[in-house]
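Bear in mind that the values in this text are calculations on the coordinates, not laboratory data. This structure is a prediction, so every number in the text was calculated from the model and none was measured. Cβ: placed from backbone, ideal geometry, glycine included. Neighbour counts: every protein chain shown.
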Amino acid sequence: MLKISDTAFDVAVTALRDCIARWTEGGEQYVTAVPGLSLFRRIEPTEPVSGMYEPSICLVVQGAKRVLLGDDTYVYDPRHYLITSVHLPTVVQIIEASPERPYLGLRLLLDQREIAQLMADSNLPPPQPQQSSRGMATGEITLPLVTAFQRLLDLLADEQDIPILSPVIQREIIYRLLVGEQGERLRQIASAGSQSQRIARAIEWLKCNFALPFRIDDLAAEARMSASTFHHHFRSMTALSPLQYQKQLRLQEARRLMLAEHLDAATAAFQVGYESPSQFSREYNRLFGAPPLRDISKLRQMASAAGAVRLPG
């Protein structure tokens, strides 16, 4: 016999699916008036593409998506959300989509300061001391989480309500995450002085200064760790070494500069910190599967067919 809670959950997911379908009828991505909230539609599976995941929660209400982080694989679908606590370079692929049943999903960006403030306001117990773990995980979607997102999307019909009600609903969503099965992960990142929070600060520095050279010892000292301990915890959270992480940031930004700002490969390479165009081309080819000129040409053809210039994702 079907449980009442299961029936209520299915009804709620169906309502959220219909809402996302309605708002994405005009294209593949809809950046809403709610700060940090974007909606997505795809009508066919995609090739694996490299991209950066921001701190966020992602829901799929129809279809499925696969995310590769290092050697780890995360699949999320209408029963599972994906949560990302720091900026992470990934390989992403939509694996279930069709014109009849398009992939439909949403992403809500998460603010570490808001998480920390809510932890303080709600008197949540501090996280248990633990080793730094991956900055990405999947969790089971709950009915309260779905209904909170539905109320957030309902605000799109009357945008004058967004400035007042959106922060309240987003605060509820963060609370649901903090007390849910992946809450420990978020609390570690937002807890001042924790190993995870110190690694997250180092990640933020790299994200803002990826074009600059750096020494592991300096980053480790800033995080109040030995170089070996820092390296271990950084890789534990991101699946990459600090140098590998910097390289992916540089290549992602160079790709954006060539596509959106029409820079040539050599200029883009120098602007993101490369001294050797040939090294840039080799590493670009290794990450994106084609040398810069051919890759950008393909992306422009895809963008032209879609009616907008943007990176696939």
>> If you take every residue apart from residue 289 with its C-beta less than 11 Å away from the C-beta of residue 289, what net charge results, scoring Lys and Arg +1 and Asp and Glu -1?
In response: +1
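Taking 0.36 nm per intervening residue step and subtracting the Cα-Cα distance, what contour gain separates residue 18 from residue 113 on full extension?
Length gained, residue 18 through residue 113: 31.0 nm.
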>> If I stretch the segment between residue 7 and residue 71 completely, what's the gain in nm (0.36 nm per residue apart, minus their alpha carbon distance), one decimal?
In response: 19.4 nm
> Listed highest first by mean packing, meaning other Cβ atoms within 10 Å per residue, what order do 142-154, 161-173 come in?
Replying inline: 142-154, 161-173
> Once the Cα gyration tensor of the chain is diagonalised, what are the square roots of 5 times its eigenvalues, in whole Å and ordered largest first, as equivalent ellipsoid semi-axes?
Replying inline: 32, 27, 17
> According to the Kirkwood expression over distinct Cα-Cα pairs, how big is the hydrodynamic radius of the stretch 22-164, in Å?
Replying inline: 16.5 Å
>> Over the stretch 209-295, what portion of Cα pair distances is larger than 14 Å, expressed as a whole percent?
In response: 65 percent
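What's the extension gain from residue 214 to residue 154 if we count 0.36 nm per residue and subtract their Cα-Cα distance? Numbers along the way, then the final one.
Values: separation 60, 0.36 × 60 = 21.60 nm, distance 4.62 nm.
In short, 17.0 nm is gained.
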>> Students often forget the sequence filter, so: which aspartates and glutamates lie under 14 Å Cα-Cα from residue 207 once same-chain residues fewer than 8 apart are removed?
In response: 54, 253
> Tell me, what ³J(HN,Hα) does each residue in the stretch 211-219 have, in order and in whole Hz, if you take phi through Karplus 6.51 cos²θ - 1.76 cosθ + 1.60 with θ = phi - 60° and put x for Gly and Pro?
Replying inline: 7, 8, x, 8, 10, 4, 4, 5, 5
>> Within 13 Å, Cβ to Cβ, of residue 221, how many net charges do the neighbouring residues add up to if Lys/Arg are +1 and Asp/Glu are -1?
In response: +1
> Counting alpha carbon pairs within less than 8 Å and at least 6 residues apart, what relative contact order, in whole percent, applies to the stretch 245-306?
Replying inline: 26 percent
